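First comes the structure, then the notes that go with it.
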Amino acid sequence: MNLVDRAKNIILKPKDEWTVIDQEDTSTTTLIVTYLFPLALIPAIAAFIGYGVIGVAFFGPVLAWGVKQAIVSLITTVVGVYISAMIIDILAPNFGATKDFRKSLQLVVYSYTPVMIAGAFQAIPALGMLGILGLYGLYVLYIGMKPMMKVSDEKITVYFVVSLLVIIAVYFILGVILAALLIGK
């Protein structure tokens, strides 16, 4: 399936799309290169435009600032998804779920779709708050846990909450580290 159709389907009809995804055997490399990376460019490019070209009223447009924000966004998204999937996969047996890194990576990557698309709002600082629409990804994650991880109804909520906390922690830690390295001084 192509990127546009997959993104549209995961947003508009996630229950049906998770069933389709569960039947696929897409390699992790293919998933990262053909889906994650192109979508991760959306918030990265938007951050570059928002911070480096249009500018934020507080700073004004600063090209170098925009480049740094774009790099932080891209690395945090790609590396954050990968690390989150690893941890969620490691935790799977604790919740009676199937341990399968490829499925865990699919779960996290496709759940990030709304977040990455909503990241486009960063391009226009006044619309940046609309990025909150990316929270729809939480619903996509929850809906995808049962078909992808084969978690029972009794444990799905706890596994979802733990997975959500993992994703938040990984994203926050990576963001802080990268911001300190690239933006800090």
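The values are calculated or read from the model by the stated rules, or taken from the named source; none is laboratory data. None of the values given here were measured: they were computed from a predicted structure. The area values use the complete protein model at the heavy-atom level, side chains included, leaving out ligands, DNA and RNA. Shrake-Rupley method; radii C 1.70, N 1.55, O 1.52, S 1.80 Å.
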Starting from the alpha-carbon convex hull of the chain, give the projected area averaged over all orientations, in nm².
-> 10.1
Using θ = phi - 60° and the Karplus curve 6.51 cos²θ - 1.76 cosθ + 1.60, what whole-Hz ³J(HN,Hα) does each residue of segment 64-79 get, with Gly and Pro shown as x?
-> 4, 5, x, 5, 4, 5, 5, 5, 4, 4, 5, 5, 4, 5, 5, 5
Work out the P(r) tail for segment 77-185: percent of alpha carbon pairs separated by more than 21 Å, whole number.
-> 38
GNM on the chain, C-alpha springs below 10 Å: top fluctuator among Met145, Met86, Met129?
-> Met129
Solvent-accessible area per residue for segment 2-108 (1.4 angstrom probe, square angstrom) | 48
What does the helix-only formula give at 222 nm for the chain: each DSSP H stretch with n ≥ 4 adding -39500 (n - 2.57), the total divided by the residues, and the result rounded to the nearest 500 deg cm²/dmol?
-> -20500 deg cm²/dmol
Taking only Cα atoms, what is the 0 to 90° angle, nearest 10, from helix 136-149's long axis to the longest principal axis of the chain?
-> 30
Mean separation of Cα contacts under 8 Å, 6 or more apart, over the residue count of the chain: relative contact order % | 26
Expressed as a whole percentage, what fraction of the accessible surface of the chain belongs to carbon and sulfur atoms when a 1.4 Å probe is rolled over the protein heavy atoms?
-> 73
Alpha carbon centroid spacing (whole Å) that separates segment 112-172 from segment 30-48 = 16
